[in-house]
1. Run the accessible area of the chain with a 1.4 Å probe and give the carbon-and-sulfur part as a rounded percent.
2. When Lys and Arg each count +1 and Asp and Glu each count -1, what net charge do the other residues less than 13 Å away from A67, Cβ to Cβ, add up to?
3. Sum up the charges of everything whose Cβ sits under 10 Å from the Cβ of P7, counting Lys and Arg as +1 and Asp and Glu as -1, but leave P7 out.
4. May I ask for the net charge around R125, where only other residues with Cβ less than 14 Å from the Cβ of R125 are counted and Lys, Arg are +1 while Asp, Glu are -1?
5. Can you pull the semi-axes for the chain, root of five times each eigenvalue of the Cα gyration tensor, sorted largest first, whole Å?
6. Please state the charge dipole magnitude for the chain, taken about the Cα centre, from unit charges on C-beta atoms (+1 on K and R, -1 on D and E), reported in debye and rounded to the nearest 20.
7. From the Cα gyration tensor of the stretch 5-60, with a ≥ b ≥ c the square roots of its eigenvalues, which class applies: rounded if a/c is under 1.5, or else prolate if a/b is larger than b/c, or else oblate?
8. Let me have the 222 nm mean residue ellipticity of the chain computed from DSSP H runs of 4+ only, each contributing -39500 (n - 2.57), with the sum over all residues rounded to the nearest 500.
Amino acid sequence: MSDTAKPSVLFVCVHNAGRSQMAAGFLAHLGGDRVLVRSAGSLPADRVNPAAVAAMAEVGIDITAAAPKVLTPEAVRTSDYVITMGCGDACPVFPGRTYLDWQLDDPAGKGVDAVRPIRDEIRRRVEALIAEISPR
């Protein structure tokens, strides 16, 4: 595990504007202070997808303050879990990390109606992740 007593999770997608932001929002909300949550993108957008923000608001999670960040080797190196969502080979690999690839539709350019099922699937996967990484 990382230097801290709690596991750290990095969510990565291309633009860090939709899937990874929603996943980070869910994990921060559901995992509380039991986990360190980060997100990044291989080619970050200028802002978080408004449809993702709206879809998360519908379930009581506010990600309006989130901002896309660039993926760095340091962010990967200091994470216990690296969860990619369509970033291809852009994510550096370091020994001792757990890598998961979540195949999810990209919400870019879609309205809230199309983002809801993506959001709901992300929540399901985040809940399973919490059950896997939380101390028993």
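1. Accessible surface attributable to carbon and sulfur in the chain totals 54 percent.
2. Local charge sum for A67: +2.
3. That sum, taken over residues with Cβ under 10 Å, equals 0.
4. With Lys, Arg at +1 and Asp, Glu at -1, the neighbours total -2.
5. Equivalent ellipsoid semi-axes, largest first: 22, 17, 12 Å.
6. 180 debye
7. Note, shape of the stretch 5-60 comes out oblate.
8. After summing the helix terms and dividing by residue count, I get -11000 deg cm²/dmol.
The values are calculated or read from the model by the stated rules, or taken from the named source; none is laboratory data. None of these values were measured; they are calculated from a predicted model. Methodologically, a virtual Cβ is constructed for each residue, glycine included, from the backbone with ideal geometry; neighbour enumeration extends over all protein chains shown. Calculation scope for accessible area: heavy atoms of the full protein, side chains included, ligands and nucleic acids excluded. Shrake-Rupley method; radii C 1.70, N 1.55, O 1.52, S 1.80 Å.
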